[in-house]
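Below is one structure, written out as structure tokens; comments come after it.
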Amino acid sequence: MSVASQARPMIILSKLADYGVIVATHLATHPERQATAGAVAAATRLPQATVAKLLKALAHAGLVTATRGAAGGYRLARQAGAISVAEVVAAIDGDIGMTQCSVHADDCERTTYCPTRPHWSAINRAVGAALAAVTLDDMISPFAFMPAAKRADAAPETART
């Protein structure tokens, strides 16, 4: 069996980046509330230690704010429509890159003669732009990625009148 014929995804975000998007999207659903790491963990069904680690990384990147104390917790630092999935992924994983050399050229001994290296930069930009085009607000909308014609059909009758 060839490698290409195996049924598996070709590009995968790290599990932590995936969970980071889940956590940030959860916070986007209730932007007016502060949530503790424990509450976010319970709501998202992710391990509390993982959620705490993610919230700390998101806070370090300026995507969430933390308030200490009995009424403390985390909330988005900006409106959900102003935070992209690319920002969340970068806060967790660092630079978005499809290959090691496209992010860390110095780590590759083939950099000076690799025929594909220049093309990976263009691919990275395209993937980065696609992730940057999707906001947390989009992630919480059930119709965000549905074509406009289908969105109108799926909207509740009261919303169309």
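Please treat every number below as a calculation from the coordinates, not as lab data. What you see is a predicted model; the values in this text were computed from it and never measured. For neighbour counting, all protein chains shown are included, and Cβ atoms are generated from backbone atoms with ideal geometry for every residue, glycine included.
What the table below lists for this structure:
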item	result
Neighbour-count order for Lys56, Lys15, fewest beta carbons within 10 angstrom listed first	Lys15, Lys56
Fully extended contour minus Cα-Cα distance, from Lys15 to His119, at 0.36 nm per residue	34.8 nm
Residues Glu87, Glu109 arranged by fewest to most Cβ contacts within 10 Å	Glu109, Glu87
Estimated inter-spin distance, His30 and Thr99, nm [label 7 Å along Cα→Cβ]	4.6 nm
Dimensions (Å) - segment 20-137, Cα atoms, principal axes, largest first	58, 26, 22
